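Chemist: Sharing a structure with you now.
The values are calculated or read from the model by the stated rules, or taken from the named source; none is laboratory data. Predicted model only: the values in this text are computed from it and were never measured. All Cβ positions, even for glycine, are placed from backbone atoms using ideal geometry, and neighbour counts span all protein chains on display. For the accessible areas, the whole protein counts, side chains as well, though only heavy atoms, and no ligand, DNA or RNA atoms are used. Shrake-Rupley method; radii C 1.70, N 1.55, O 1.52, S 1.80 Å.
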Amino acid sequence: MRVVLLAGLLFLVAGMGEAQEPVSLVIVNARVWTGNPKQPWAEAVAVRGDRIASVGSSAAVRKMAGKGTRIIDAHGGLVTPGFIDSHVHFISSGFGLSSVKLRTARTPAEFIARIKAYAATVPKGAWITGGDWDHSLWGGELPNKSWIDSVTPDNPVWVSRLDGHMALANSLALAAAHVTKDTPDPAGGRIVRDAQGDPTGILKDNAQSLVDDAIPDPPPALADRALDDAMRYVASNGVTSVVNMGYSWWDLSVMDRAHAAGRMITRIYAAVPLARWQELRDTVAARGRGDAWLRIGGLKAFVDGSIGSHTALMLRPFDDAPKDSGLRVTPAESLYAWTLAADKAGLQVMVHAIGDRAIREQLDIFQRVEQANGPRDRRFRIEHAQHLSPPDIPRFAQLGVIASMQPYHAIDDGRWVDTVIGKDRSRYTYAFHSLLDAGAKVAFGSDWSVAPATPIEGIYAAVTRRTLDDRNPNGWVPEEKITVEQALTAYTVTGAYAEFQEREKGTLAPGMLADITILDRDLTRIPPETIRDAKVVMTIVGGRVVYSQKD
């Protein structure tokens, strides 16, 4: 009995000592939005190691500080769970940070001049990629290889439209890819041709793989630098976690290298192509799903393309192209077979669907798979879910399908999409409010590099829906505006849920990972139109400051 009592006393003393151990970091004088319905707001947060130790008043949290505790005064700014960007193309976007910039080129002449200037800075024979051009800025004429052949005589050029669903190749790139007048359109893709049948240099959706496959993989050192650049960029925008929509397994190899070297400052959930579900199944069996920094288990596929490229799959033709209803990138029977097998293997399936017909068909596939495989916590996702047909809105909640959406697209595409699909169909475009009202889970992201990985701009877009040209001061389709707290939830709480991590991150509560974003103002207490002026003061991942505005 004495031994038992003594052991119990020693355990109690040890426990008291541990409880009184000073915390490593505290944030005080803040407006803390926790994402936790049991304690929605607080003044301060304490961190011990890589976990939240306490959330409460500034006075109470200050008492937890010790001699070595870092004390951060938020000066009344907003503190939130670290932002989760639920849809990025991380490594290609990292490369894009240092590639030719075409997004803001407003004329063909400016487009050509920027490529010419960039070509002068790279070695002979080096591929010029990236770009992210937007032909709507100069009236809608698609660029042509003839525009740039004379200014890029020594470099293959392969520059994408900002949505990633079509790209322009110069003649050197077409030659490297063996694309000629006689090359047939691949299934789910289109080679744009002139009146004589010759390729203009524009390739859409699956046709892009003809050139993609001709581009050599960059050296490991350059890929590592692109990933590091990407992590630093998102950290500066308050992002602590991303879901990478990988086009290949190569992305994962670059991330594995960074993880092994201890370079990670962003948590990554890395999805790989659905067509290779068996390889992912076997990889998970061999090495598990990863840890808090790098995880696998997700699969990505495409139903269709995009509205801007006229490749989104629609229930009826585009208003400005009455004979065109878009295209199907992946056969429906393949999507069903792969999804059925991957789901049976316990993997998560995420499918790109933008047009109303694409969304309906993918919801049908998810429903069939659920009926075939039976109940389980599967968390199917539709990526983008942009142009909805009203009867399909309640189906997201009914089927438990997550709508993984990118609010910046609404204020970008809203400038021109009415002319493509008409105002009637636009009414249910980027239908954030309708989906939430119907009980759906909505997770927000950027689709970087299609749009910037800037959650503040995403929140601004979801709350105001004021298009980038400022021609819709009350909001484009204002019925679909949502509140700041709903937008914050989509960037944190639901973002974590959408990757099966809601018990680890997405809220500020004791025991959760200490992933924290500090802004310079409370977004819930300022005029909505000024949200985009807010700044990220600090980003903390696992209790470590990875970005500070003062640095």
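Chemist: What is the calculated FRET efficiency for Arg287 to Ala175, with r their C-beta to C-beta distance and R₀ = 35 Å, to the nearest 0.05? Numbers along the way, then the final one.
Modeler: Details: r = 41 Å, r/R0 = 1.17.
Calculated transfer efficiency: 0.30.
Chemist: Under the 0.36 nm per residue contour assumption, what length would be gained going from the current alpha-carbon distance of Ala117 and Ile526 to full extension?
Modeler: 143.0 nm
Chemist: While we're here: Kirkwood-based Rg over Rh for the chain (C-alpha set), two decimals?
Modeler: In the chain, Rg relative to Rh is 1.00.
Chemist: Heavy-atom accessible area per residue, segment 94-150, 1.4 Å probe: how many Å²? Can you show the working numbers first?
Modeler: Working: 2780 Å² over 57 residues.
I get 49 Å² per residue for segment 94-150.
Chemist: Right, here's the next one. Quick one: check the C-alpha center-to-center distance for segment 137-176 versus segment 312-355, whole angstrom.
Modeler: 27 Å
Chemist: Related question: Determine the gain in length on full extension of the stretch Asp424-Trp138; use 0.36 nm per residue of separation and subtract their C-alpha separation, reporting nm with one decimal.
Modeler: Numbers: separation 286, 0.36 × 286 = 102.96 nm, distance 2.58 nm.
Taking Asp424 through Trp138 to full extension adds about 100.4 nm, to one decimal.
Chemist: Quick one: in segment 29-79, what % of C-alpha pairs are over 14 Å apart?
Modeler: Of all Cα-Cα pairs in segment 29-79, 51 percent lie more than 14 Å apart.
Chemist: Further question: Take Ala341 and Arg193, extend 7 Å from each Cα along the Cα→Cβ direction, and tell me the distance between the two endpoints in nm.
Modeler: 3.4 nm
Chemist: Can you show me the helix-derived [θ] at 222 nm for the chain, built from DSSP H runs with n ≥ 4 at -39,500 (n - 2.57) apiece and divided by the number of residues, rounded to the nearest 500.
Modeler: Details: 19 runs with 180 residues, N = 551.
It comes out at -9500 deg cm²/dmol, rounded to the nearest 500.
Chemist: Highest mean first, how do 29-39, 167-177 rank when packing is the count of other Cβ atoms within 10 Å averaged over residues?
Modeler: 167-177, 29-39
Chemist: Calculate, for Ala372 and Asp324, the FRET efficiency according to 1/(1 + (r/R0)^6) with r their C-beta to C-beta distance and R0 30 Å; round to the nearest 0.05.
Modeler: Efficiency, from the Cβ-Cβ distance: 0.35.
Chemist: Taking the Cα centre as origin and putting +1 on Lys and Arg beta-carbons and -1 on Asp and Glu beta-carbons, what dipole magnitude results for the chain, to the nearest 20 debye? Display every interim value, and only then the final one.
Modeler: Details: 61 positive and 63 negative charges, 296 e Å.
Roughly 1420 debye for the chain.
Chemist: With all protein chains present, how much of the accessible area of the chain (probe radius 1.4 Å) comes from carbon and sulfur, to the nearest whole percent?
Modeler: Values: 11950 of 22260 Å².
The value for the chain is 54 percent carbon and sulfur by accessible area.
Chemist: List the chymotrypsin sites (Phe, Trp or Tyr not before Pro) within segment 495-551 that fall in a DSSP loop (any state other than H, G, I, E or B) and whose Cβ has at most 14 other Cβ atoms within 10 Å.
Modeler: none
Chemist: In addition: Over segment 184-336, average the accessible area per residue using a 1.4 Å probe and give it in Å², no decimals.
Modeler: Numbers: 6090 Å² over 153 residues.
On a per-residue basis, 40 Å².
Chemist: Sticking with this structure for a sec: Roughly how many whole Å is it from the C-alpha centroid of segment 449-496 to that of segment 366-411?
Modeler: 20 Å
Chemist: Students often get this wrong, so check it: of Lys38/Lys535; Lys101/Lys535; Lys441/Lys481; Lys116/Lys145; Lys181/Lys204; Lys300/Lys344, which have C-alpha atoms separated by over 18 Å?
Modeler: Lys38/Lys535; Lys101/Lys535
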